[in-house]
1. Per 0.36 nm of contour for each residue apart, how much would the distance between B:Ile69 and B:Ser491 grow if the chain were fully extended, relative to their Cα-Cα spacing?
2. Restricting attention to the alpha-carbon atoms of segment C:42-105, what are Rg (one decimal) and Dmax (integer), both in Å?
3. With a length cut of 20 Å (Cα positions projected on each helix's long axis) and a Kyte-Doolittle mean of at least 0.5, go through chain A and give me the DSSP H helices that pass.
4. Report the label-to-label distance for B:Lys848 and C:Ala32 in nanometres (one decimal), using points 7 Å from each Cα along the Cα→Cβ vector.
5. Considering the dipole of segment B:375-454 built from charges on the beta carbon (Lys and Arg +1, Asp and Glu -1) around the Cα centre, which of B:Cys419, B:Cys380, B:Asn405 is farthest to its positive end?
6. Would you mind giving the mean number of other chain beta-carbons within 10 Å of the Cβ of each residue in A:285-292, as a whole number?
7. Quick check on packing: order A:161-172, B:41-52 by the mean number of other C-beta atoms within 10 Å, highest mean leading.
8. Just counting partner chain Cβ atoms within 10 Å, what average do the residues of peptide B:373-383 show around their Cβ?
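Coordinate-derived values only; no laboratory data. Worth saying up front: this structure is predicted, and the values here are computed from it rather than measured. Positions of Cβ are backbone-derived with ideal geometry, glycine not excepted, and every protein chain shown enters the neighbour counts.
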Amino acid sequence: MAFMKMSSPHAHRAGDTGDVMKQVILACTPGLIALSYFFGPGSIFNVVIASGFAVAFEAAILKLRNRPIGFYLNDYSAVVTGVLLGLALPPYCPWWIIAIGVGSAIVLAKHLYGGMGYNPFNPAMVGYVVLLISFPLEMTQWASPRPVLEQGQSLVGPLSALGQIWLGIPIDGYSGATPLDLFKQNDSQLVEHFYTAEPLFANARWAGAGWEWVNIGFLLGGGYLLYKRIFTWHTPVSMLAAIFIMSVVFYDGGSSHSGGSPYLHLLSGATMLGAFFIATDPVSSAVSTKGRLIYGAGIGVLVYLIRVWGNYPDAVAFAVLLMNFAAPFIDHYTLPRTYGHSSARRATEKSE
Amino acid sequence: MTRIWSIPGGVHPEENKSQSLQLPLGEIPLPRELVYPLSQHIGAPANAVVTVGDKVLGGQKIAEAKGMISAPIHASTSGTVVAIEDRVLPHPSGMSGPCIVIEADGEDHHVDYVGDENYLQLDRETLIERIRDAGITGMGGAGFPTAVKLNPRADQPIDTLIINGTECEPYITADDILMQTRADEIIKGTELLAHLLGNPDRVVIGIEDNKPAAIEAVGVAAKDSRVEVVSFPTKYPSGGEKQLIQILTGKEVPSGALPASIGIVLQNVGTTVAAYEAVRYGKPLIERITTVVGEALDTQRNIKVRLGTPIQHVLEHHGCHQNKVARLIMGGPMMGFALQESLVPVVKATNCVLVPSKQELPPAPPAQACIRCGMCAEACPASLLPQQMYWYTLAEDYDKLEAHNISDCIECGACSFVCPSNIPLVQYYRSAKGTMRQMAIDKEKSDRSRQRFEFRQERIAKAEAEKEAKRLARKKAAEEAKKKQEAAKASGETAPAGNTKADIVAAAMARAQAKPVSPEEQKAKLERAVISAQGRLDKLQTRLEEAEGEMKDKLAAQIKQAEVKLTEAQKKLDDFKPDAASNNSAPTADDPVAAAIARAQAKMTMAPDEKLRANIESLNKRLQKAEEKLSAAQAQGADTVTALQAGVDKLKEKIATAERELAELGPVASATAAPAEQDAASAAIERAKAKAAAQANMSPEQKLRDQLGAMGARISKAQDKLQQAQADGADTVDALQMGLDKLQAKQEKMREELRVLNPSAPELNDADNATGSTPTSEEAPQIQDAATAAIEKAKAKAAAQASMSPEEKLRDQIESLEKRLQKAQQRLAKAEAEDDDNIDAFRAGVEKTQAKLEQTRAQLENS
Amino acid sequence: MFEYLLNNPFLGALVALVSLALLFGAVLGYAAVQFKVEGDPIVDQIDTLLPQTQCGQCSYPGCRPYAEAIANGDAINKCPPGGQSTINAIADLLDVEAPTLDEEHGEESDVKKVAYIREDECIGCTKCIQACPMDAILGAAKQMHTVIGDECTGCDLCVEPCPVDCIDMIPIETTLGTWKWDKPATSHENILNLIASDRQPVAATQQETSPKEKAQTEDEAA
């Protein structure tokens, strides 16, 4: 009998990249449910529309690049990009904003760099930042969460949501500032007073009505992925730890110049989404465990710096992109110590 | 409880160990044909010691170890060697290699194994020699000769002996069943190895905790021994040599070093039993336990199989469903290699034959893009960064790969196993490692090549320089000779006969010049030269008109040369004319005779008064000297005073006479003294002339005679020597005989010449007699005959030549010269075509021959 | 003085700039002297990267002359025996874009070859010995010659001069010792090959693609 030449190993663990991506999408559900519960169906529309655009863009550009479309769509990476961008965008934003964001993410950030696995920057965050810089007005309008709605006002319904998204029919008075935005504008009141004065905080347990639960939802999803060993704990934990430490150090006892409590920073904005779904994007992050600790901590510190002293209320996208720049540099200095070697080497070191 | 360390990374593939443990250890019938690859271990292939047709018994050595790291091979049953040829090897490449093929006779006779019950009493060397002779190699998969491992360097004391019962690969249970069934022998073998390694402090058997039965059995057997049995959590690849060392000792084997460098030796349990059997029972390694497993088989179990059994035979006895087989793997699913051919045999390192179905181990799905998820890095037991190495392999960046320690990859396959994109990472590393190995070899070779090339360049340059130096030296010598010759020519009359001091070349030239050539002759010669040069020039010019291209340039150059020659010839002629006119009788000679003549003639032509004055002067000088001597003698009171006084007086008188004569002569030349002087001079001239004539007369014949005599003496000497050599039986006889023959031939030639000169020369007969009396008397007549024939021929030739008119002679010469020229030109053309080094020499030769030819032609024309 | 300069901004700027220029010039000059790097001469480094076949296909009489030529600005893609890997290495060293091999000077062959003299046909002319830049041919006039296979670089130079054409260039056979795994021709690469700018030389990939992998590609295409 004659057989084929094959290299070992012959056994293989079940699951492929597509499965990994599907797990990531699945892990987004708690966060998405929380978003929908507190802000209406906007985020669901966002996610669906963004995913649709992502697949369409991916297919189009694969066609253009003369690649097998089915093979590459099967890895679900485009869907993940769409879902993450959809989660990050404000609910009820017009469809063309989503289209531009997804287009930038898939075409600019991913395929112009060589496609899956070759992109140095997180595609979803590139798309988000393009939108944030280009359309600051649309990007900072966030729906008001359920607890702070005034008497008689209800959440945006699906129909009016679709009207706003596709036809540009404005919905009245649905939007307000995000907790981080609000907190940033405070420069005269003590934190304690400020919290009781603002309904967004007054109706919340830790860090802004609705937002805290959205973040807890993403935290749960992240926990699931960790349990599934989709990624290692290093990046999210070091990122959250860095934010925590920064906010404790600069809490300032709740004065009018306070940087905000650790609760506020950990449980509002895109902190948990960023920690578990954005910063863990393996393609654009550092590779070794030590490197990932540094990478995560870098993101955490940058997030805090930009939130408190920068111009933008939230900063996950910028922080992640900035650390994407630094990832190769981190890799260079964080090669693990190999078995049988007394110390780690540098990536450029010549033979001993 | 013994401390256990953990290793980084690792994976948990499905164990699949139960299938093969359902049935007890089995056996299969002997195959008809057994195949023994000569290279089934790490190191040099063994050397076959049987030939086709030999009958062999089981256990008989059929191939011996070649070199230090090698192992012998033994027949595993009785039969006949039917072939020693290339067969497909159990190797991932699927390549063929030399194998001994034995046809079993089915009787399974074995040699008598000589064991030793008290083997522990034997000394270490003997024991290790027995293990080496038994052909035992590592049976866990790598196949490193065991005896080498048991013989660590003296500066590396061994403090730990680890017996590897880990068997971490899925499916394989060969070691498991061995430990379950032969625990006692494992312990005895372990103690033997410990004994051989100088009783290390720690002797430990490491077993993964998924083999409780084996742990139990070995634990019981080891109860009363110092052997420690350690179990540890199951994780692939904890059975790797380096990993097991880390688990059991916490130490790491330094990169690129052997475990012995940190005082550890590690052996597989199977090897341990084999070593024990070799020493205790004298049984060589001819069979082993192999797991035969996989869903494509009806029977899955462990079998005791003879080495050399074709896997096809094994499969046939386990109910293999060919259509179900996804692949055929030797070894486990993680590190085993896929065989391309089922006819390959079971070898010493075959611990498993895995025949999975397509559902069991499906073919790898197509690889997707690497998403740098880092799962591979988590799984890597060597703490490498597999994904980075993958990228660098793709980019062929071997410097980076080196920096990422790719050489420390143990190819365990954990990274490929976990890769969600199904990238065959291990194959990438293997190919990169192979390329890097090849590059290292190439680099070494290219360095060596550079060295060789540079050495060659140097050598050629040196040779060239030497050649050039020689050429320069020759040129210089020629120039000097030319200068001297010109100087001699210029000072033709007064040149002293001091040429003996000049170098040989110059002397020869001078002699040539000294030949008494009449001015007329010389003039004629020069004129001829001019004419021939002109002729040549004309000829070349006509050819130039016809010629084209490259040829034209060549011809133009030749014309230029010819022109130069022509002007030279003409100048010489012009120089010669006034010379000849002014000094008719002046010979250009400077050999002693001619010199003497010249001096005498010079004296003759001197004016008488001048001569007198010179005389007076010299006389005055003599007087002065004599007076000095006289005064000295007077002061000492010697008795020579009177004699001296007389001398002085005489001299004074002479001076006075001379002065008187001079006064008499006055302004007019005196005729009285001159004639006397003139007479003396002419007498001298006469004498010299006579001498020269005499020399000229006697020379050729006389010379030849002299030479002939000398030759005769040499021949007789040579004959003596030859005789002695023959008597002694020396091996120089041939050489001497050859020398003698040569001498005799020479003698013959001389005699011929002499005969031409003087047919009645008495030496001829003498010589003939001498030849006749040579000890090699049988040859003598022949020689004599030959000699006479030659003499006859020479005589005829001489006669013919004599009868020939000078014209004919010249024609003859021209003909032969033409032939030579033709030949020379051919050679030159060939040399030019091939760009030979000797081209210059050839060209010079052609030119010389041409010149000679032209000269002869001119002579012919003149005559 | 200082005031004067303040009152004449042009002069002040001039003085400031000139003194700055002098200062930086001095610093740079000091640095150049103090931290001078004594590197290998570039020619040596290039020479080490060349394959040392001395084949002359680059039109220079040996590898070192070509290394010198490269150092003087000649193209780095004239070495067929070294092939793309040598070009890449030199490009890396010189920090330039790696061009592809200039086919004018010959093609890169996948298999290494060595010269082999059919010994019964050799007439002992020594021409090949003189041609061999490596001194890798043994023999004497009128005696049979033979090639030292280990020293032969496969440069081809001995084939042409042989008057009886008894020299063959035979590929070096892979042995168990030199065999290595091929780089897997993954579907990934095959897909890359679909677009023109990514395509690799067809011959090279076809050889590397084993039947199974070909089948895979077909599967994907389907």
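1. 143.3 nm
2. Computed over the Cα atoms of segment C:42-105, radius of gyration and Dmax are 10.0, 26 Å.
3. A:42-64, A:211-227, A:234-249, A:289-309, A:316-333
4. Between B:Lys848 and C:Ala32, the label points sit 6.3 nm apart.
5. Farthest along the dipole direction, towards plus: B:Asn405.
6. Counting Cβ atoms of other protein chains within 10 Å of each residue's Cβ and averaging gives 4.
7. B:41-52, A:161-172
8. 6
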